[in-house]
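The values are calculated or read from the model by the stated rules, or taken from the named source; none is laboratory data. The shown structure was predicted, so the numbers you read here are calculated from the model rather than taken from an experiment. Heads up, the Cβs are rebuilt from the backbone with ideal geometry, glycines too, and the neighbour counts pull from every protein chain shown.
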Amino acid sequence: MTALLENKIALVTGSSRGIGREIACLFAKENATVILHSLNEKNCQTTAEEIVAHGGKSPFIMAADISNPDEISRMFKEIFSVHKRLDILVNNAGILEDRLLGMITQDNLNKIFAVNTFGTLHCLQLAARLMRRSSNASVINLSSIIGVEGAAGQAAYAASKAAVIGLTKSAAKELGPQGIRVNAIAPGLIKTDMIAHLSLEQIADHIANTALQRLGSAQEIAQTVLFLASDQSSFITGQTLQVDGGLRV
């Protein structure tokens, strides 16, 4: 059976841990040439070693600050220099800061939007140029269920992730005629380091309001990303898939 991502070149931002790491490893299992990304190259060494240990192609590692457009530009120039094209972009890099509405400062807003929204947009802009050299290219943006439903104490984060959904819809309409699909995923509460700050009571409350009565896993998000990245979803674009276990609000 042919691997789902045979001969595909894929960039996964924020792939040193958590959801990004699971996506990168799964892509490698499906025979993609994976480009790992983190703020520091050393952060991705463990992911790279895991991919090779499981028989995947040796991945490339890119270091760049996603909040800095100049560094993003440098990263994509390097990708062009080595690979000449890009088939898949997963905009996974993101940050989370909880603050009550009255405590949000301009610095908080600048930091959250620079990574979650503007970084996603800049990566999409530059990826689109390389993807014109591909066939059935795919972009998957990681939003959040918080960007869909909102949450107390997360106004800035919710706004940054809601903007990703708007970006996804607009980019899908603009890039569709060029053969580039753009979709988003809105994960619910996923068992990763990002929820380490939550109390057991908060997690239990969330689970109680979820139809499947459990947390999601990074592997489950990765499987959904794989579907959207592969040709199995070749007629899907402009969509936001909520992978939240049936969250009830």
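Count, please, the residues in region 130-183 that happen to be under 27 Å from Ile79 (Cβ atoms) and assigned to a helix (DSSP H, G or I). Outline the logic, then answer.
At the first step, the residues of region 130-183 found to be under 27 Å from Ile79 (Cβ atoms) are 130-144, 160-161, 163-183.
So of that shortlist, the ones also assigned to a helix (DSSP H, G or I) come out as 130-131, 160-161, 163-178.
The qualifying residues number 20.
Are there strands (runs of 3 or more DSSP E) fully within region 1-118 with at least 2 residues that are crowded, with 22+ Cβ neighbours inside 10 Å? List them. Show your work before the answer.
Details: elements: 9-12, 33-38, 60-63, 88-91.
Ranges flagged: 9-12, 33-38, 88-91.
Identify the single condition in (1) in contact with a Pro (Cβ under 9 Å, 6 or more places away or on another chain); (2) over 30 Å from Ile9 (Cβ atoms); (3) not polar (S, T, N, Q) that Leu212 does not satisfy, given that it satisfies every other one.
So the condition that Leu212 fails would be (1).
Report every pair of residues separated by at least 6 positions or lying on different chains whose Cβ atoms are under 9 Å apart, first residue within region 184-212 and farther than 17 Å from Glu97 by Cβ and surrounded by fewer than 14 Cβ atoms within 10 Å (Cβ to Cβ), second modelled with pLDDT under 80 and small (Gly, Ala, Ser).
none
For residues that are free of Cβ contacts under 8 Å to residues at least 40 places away in the same chain and touching a strand residue (DSSP E or B) at 6+ places or on another chain (Cβ under 6 Å), scanning just region 213-240, find the one that is nearest to Ala152 (Cα to Cα).
Filtering first and then ranking leaves Gly216.
Restricted to region 119-134, and to residues that are among the polar types (S, T, N, Q) and within 16 Å of the chain's Cα centre (by Cα), which residue is surrounded by the most Cβ atoms within 10 Å (Cβ to Cβ)? Reasoning before the result, please.
The initial filter retains those residues of region 119-134 that are among the polar types (S, T, N, Q), namely 120, 125, 134.
Within this subset, residues satisfying the condition of being within 16 Å of the chain's Cα centre (by Cα) are 120, 125.
On the way: Thr120: 30, Gln125: 14.
So, considering only residues that are among the polar types (S, T, N, Q) and within 16 Å of the chain's Cα centre (by Cα), the one surrounded by the most Cβ atoms within 10 Å (Cβ to Cβ) is Thr120.
Taking the conditions exactly as written (among the aliphatic types (A, V, I, L, M) and either over 21 Å from Ala24 (Cβ atoms) or more than 20 Å from the chain's Cα centre (by Cα) (or both)), does Ala184 satisfy them or not? Write out each step before concluding.
Values: among the aliphatic types (A, V, I, L, M): yes; either over 21 Å from Ala24 (Cβ atoms) or more than 20 Å from the chain's Cα centre (by Cα) (or both): no.
For Ala184, the condition - among the aliphatic types (A, V, I, L, M) and either over 21 Å from Ala24 (Cβ atoms) or more than 20 Å from the chain's Cα centre (by Cα) (or both) - is not met.
Do you know which of the residues in region 213-229 that are small (Gly, Ala, Ser) and within 15 Å of the chain's Cα centre (by Cα) is surrounded by the most Cβ atoms within 10 Å (Cβ to Cβ)? Before you say what the answer is, go through the steps one by one.
Residues of region 213-229 that are small (Gly, Ala, Ser), as a first pass: 216-218, 222, 229.
Narrowing further to those that are within 15 Å of the chain's Cα centre (by Cα): 217-218, 222, 229.
Numbers: Ser217: 14, Ala218: 22, Ala222: 22, Ala229: 29.
Of everything passing the filter in region 213-229, Ala229 is surrounded by the most Cβ atoms within 10 Å (Cβ to Cβ).
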